[in-house]
Amino acid sequence: MTQAKTRFTSIDEYLNYDNSKNARHELVNGELIELPNEDPRNLIIARFLLIYFVTQMGLSLDRVGDKQQIALNSSEVTAREPDLTVHSEASAAALLTQTQPLLAIEMPPPLLVIEVVSPGNPGSPNYDRDYVEKRKEYAARGIAEYWLIDPGRSVVLVLTLENGNYKGREFRGNDAIVSLIFPNVQLTAAQILRPGGGG
């Protein structure tokens with residue numbers, strides 16, 4: 001991960017930043033962090049889930065999105081970009097009022113965020129970002145459910161917000177995914193981890 005030198009003191013300042021490199025980035029504690037290119041498998045998983053939520057769960061396209069950022073409760077200015085965001089009607093409507101795809105802190109939280117984990121072990125930046133930092137940040141933002149899809153460990157971890165903290169349940173192989181937010185989801189861990197049956 002490459003770190004840019006730019007620092008921001010507000011979300012408005014960040015939104016006015018000229019990203020002439022058009023690089024993928026997140027704002028973490030006021031600092032612009034450039035993200036590495038996504039693994040093609042991660043993109044396929046995120047795309048598969050976007051299509052699933054629209055075609056099988058009947059959500060409109062404005063309720064499911066990628067490349068959308070969420071401002072988070074933090075001691076400093078932070079905005080994360082989940083691999084996939086599933087909105088409530090209220091958060092989708094709020095996002096449509098913005099000139100850029102960023103859900104401001106005063107707007108309702110989405111129902112679900114999904115991160116496809118890049119390779120890494122505990123203590124590595126990839127692992128800690130998704131398993132530790134974002135888990136705390138998304139819980140503090142009041143996001144009801146957080147799915148961590150980890151192809152390297154062959155697991156889907158569904159985290160459900162309870163009393164301000166996430167409680168997790170792991171799903172592997174042919175385990176059927178259980179979501180309290182979307183109880184009608186009919187997917188197994190294997191279907192998510194290997195869309196189309198590819199290895």
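The values are calculated or read from the model by the stated rules, or taken from the named source; none is laboratory data. Since we're looking at a predicted model, the values are computed, not measured. Using ideal geometry, Cβ is built from the backbone for each residue, glycine included, and neighbour counts are taken over all protein chains shown.
Filtering the range 107-152 to residues that are among the charged types (D, E, K, R), closer than 26 Å to Asn174 by Cα and free of Cβ contacts under 8 Å to residues at least 24 places away in the same chain leaves only Asp130. The strands (runs of 3 or more DSSP E) found entirely in the range 112-199 that carry 2 or more residues being under 22 Å from Gly58 (Cβ atoms) and modelled with pLDDT of 95 or more are 112-116, 145-150, 155-162. Can you find, within the range 52-94, the residue that is surrounded by the most Cβ atoms within 10 Å (Cβ to Cβ) among those that are out of contact with any strand residue (DSSP E or B) (no Cβ under 7 Å at 6 or more places or on another chain), at pLDDT below 95 and outside any loop (DSSP other than H, G, I, E, B)? My answer is Asp62.
A search for C-beta distances below 6 Å between a residue of the range 171-193 that is over 10 Å from Val156 (Cβ atoms) and any residue that is polar (S, T, N, Q), counting only pairs 6+ apart in sequence or on different chains, returns Asn174/Thr188; Ala176/Thr188; Leu180/Thr160; Val185/Ser179. Regarding the range 29-39, can at least one residue be identified that is buried (at least 16 other Cβ atoms within 10 Å of the Cβ) and modelled with pLDDT of 90 or more? No, the range 29-39 contains no residue that is buried (at least 16 other Cβ atoms within 10 Å of the Cβ) and modelled with pLDDT of 90 or more.
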